[in-house]
C-alpha cells in the first residue's frame with residue numbers, strides 16, 4: 001500500500017483529453033497522455049475528456065475543468081467530482097492490482113474539501129487499501145491546481161464480464 005498525501009501537485013493548469021487533441025488546445029501536464037478506454041459514446045466520453053499518467057506503478061487521471069463540468073456558481077459540480085473519484089479509483093485500482101473484468105461500485109463516500117475552479121487541472125491519486133475475495137477497497141484524493149478538493153473511499157465488487165466488455169475496459173495506448 002502507498003500512503004496518500006495532500007501535497008500540492010507539481011503541475012500548473014494545463015489540459016486533458018480522451019481524444020488526440022487536448023481540450024482548448026492546451027498541452028497536457030508532463031507525463032500525461034489521453035485516456036483511451038471504453039467507446040466514443042459511453043459515460044467516460046460524455047464526462048471527459050480525461051488524461052492518464054502511469055508512474056511508479058501508480059495510475060493518475062486528470063482533466064481540465066470545463067464549463068460542462070460546472071454548476072451555476074461556476075465551479076466544478078459535486079456530482080462531477082464524485083464521478084471523477086469513482087472513475088479514478090476504479091481504473092487506478094484495477095491497474096495497480098492487475099485486475100481484469102468488470103468491477104462495479106458497491107459503496108462510495110466522500111468529503112468535499114474545496115472547490116475546483118473553471119479551467120483548473122483536476123487530478124486524482126488512488127491508494128488500494130485492500131483487495132480480497134473479488135472485492136477492492138480504495139481511497140483517493142482529488143486536487144485542482146494542487147489544492148485538495150475531495151477525499152473519497154469506495155468499495156468495488158467484481159462482476160461477470162463478457163470478452164467484449166473486457167476489451168472495452170482495456171487501457172489503450
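Could the peptides 124-133, 55-64 be put in order, highest first, of the mean number of other beta-carbon atoms found within 10 Å of their residues? Can you show the working numbers first?
On the way: 124-133: 16.8, 55-64: 18.5.
The densest-packed peptide leads the list: 55-64, 124-133.
What percent of all Cα-Cα pairs in the stretch 23-169 falls in each 10 Å bin, counting up from 0?
11, 43, 36, 9, 0
Quick note: the coordinates plus some simple rules give every number you see, no bench work behind them. Predicted, not measured: the structure shown is a model, and the values here were computed from it. Don't worry about glycine lacking a Cβ; one is built from the backbone with ideal geometry, like all the others, and counts go over all protein chains shown.
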